[in-house]
1. Report, to the nearest 10°, how far helix 159-178 tilts away from the longest principal axis of the Cα atoms in the chain, using its own Cα long axis and a range of 0 to 90°.
2. For segment 393-411 and segment 294-335, write down the distance between their C-alpha centroids in whole Å.
3. Tell me, how many Å apart are the Cα centres for segment 44-79 and for segment 259-280?
4. Based on other C-beta atoms within 10 Å, arrange M274, M399 from fewest to most.
5. Could you give the angle, 0 to 90 degrees to the nearest 10, between helix 220-242's Cα long axis and the longest principal axis of the Cα atoms of the chain?
6. Neighbour counts of other C-beta atoms within 10 Å: give me V243, V97, V17 arranged from fewest to most.
7. At a 10 Å Cβ-Cβ cut-off, how would you order M338, M238, fewest neighbours first?
8. Tell me, what is the percent relative contact order of the chain, built from C-alpha pairs under 8 Å that lie six or more residues apart?
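Read-outs throughout are calculated quantities, based only on the coordinates presented, and are distinct from any laboratory measurement. From a predicted model like this one, the values you see are computed outputs, not experimental measurements. Note that we place each Cβ from the backbone using ideal geometry, even for glycine, and neighbour counts take in every protein chain shown.
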Amino acid sequence: MRGRLLVACLCLAGMVVSLQQTLVIPLLPELPRLLDTTVAGASWLVTATLLTGAVSTPVLTRLADMVGKRRIVVVCLAAVAASGLLGALAPSLPGAVAARAIAGLGVPLVPISVAIFREELPDGRLPGRVALLSSTLAVGTGAGLPLAGVMAEVLDWRAAFWISGAAALVMIFAVLRLVPPGKGRAPGRFDLPGAVLLAAALVALLLPLTQGGTWGWTSRPVIALAAGAVLAAVLWIMLELRVRHPLVDIRTSVRPAVLSANTASLLIGFSMFMNMLLTSQLLQLPARDGAGLGMDPLRAGFWMTPIALAFGLLAPVSSPVTRRFGAHTTLAAGALLMSVAYVGRAFLSHGLWQIIAASIVVTIGSAFTYAALPVAVMRAVPPWQTSSANGLNNLLRSMGTCVSSAVMAAVSASAAVRTAGGMTPRPHAFTALFLLGAFAAFAAFLVTLPLLRRPGLHPPVVEPHAGYACRS
């Protein structure tokens, strides 16, 4: 019974955090007016969460392994609660951006929850519980689209911040009551230089990806930041290979099983997010231009909800496959299904039922891959690296979504025509993007393929650390 309460608690906490990913998206068209800013200024409410989420994931997951996972889960939820309060009271754009930046600190809760499952649950139940966590994340992300729109229509646009902040406060008390303190700590000191270098590399990389369309892809800031990202990444890798207790264990990360899962995560993140972006665009683009169905954001959000529900229902179904055939088989099967479904989407996107049905099929494949990725990582790393290893995998998946958004913006802009509703992408742009999604998913299938005949992958044999036996 206690195990079930633990799973329910962390799944609900994950849902509260995942709501932050889409909470402001339905409000973006109105935010320039509400906050007296520009469209570019309003976009920072999304960018800020993305940046802090990416930077905090490797930092907080490493700290979770070192100082105790429950403590960092509480920190993540406290950040979401503070974000809700600040966002609800923010009178202008800077305050709202700061609130959304703080919300990004909640993102590491998910990989840390996976590590708690590994510590507290029997091994046989792990795939099912991880799949359940993945499904609640998808439901939370999908629910954020219509929920924010409904609250803005019925109550006030700030109600979304109030409710998310209150939910996070409730979950803090639940976590303190139901989540055990933890079974051990990773040894060593925190790698502060590594954290600073990695943060610099991530910010320098993500800023051009998220703002390149506004600044210009060949502008000096974009080129300078891209070069800085490469330099910082090289220096960071050199540092991580030299320090005794690195922020991210590079040597473990390049083991075939871990490298395969991380590469697949980057590609799956690209393909999965492309599915959401394209479906939302097709639902909302003006119908008179032949590409879309002309829905308003609220109605489009409701039609996106079945896609999130499909993810929620299908992710737990993957656990018997993982138990029977292994996580890499589940991952490969899901990636292959995504690729095939994307090819179908290139030819079946001419009506509402085709758009939704094809998107759901891609989502089913995504559900299998998302449920399998954390299990694949855990099977290949020692226990004291579970949080940080899953944090890196989660970070790469987020990077994939950023690249997906940037690629879609670039392709759509290159194939756009001026219409009565503004600049609208031509239909062949969507075909090209569907095929890109198929290519990314098939590449994820290929990188997983060599490991299908090695179901007995185990963490590397290492000398146990005495510090791991301590209670946290």
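1. Helix 159-178 sits at roughly 10 degrees to that axis.
2. What the calculation gives is 19 Å, centre to centre.
3. The two parts, judged by their Cα centres, are 21 Å apart.
4. By the 10 Å Cβ count, ascending, the order reads M399, M274.
5. 10
6. V243, V97, V17
7. Ascending Cβ contact count within 10 Å gives the list M238, M338.
8. 22
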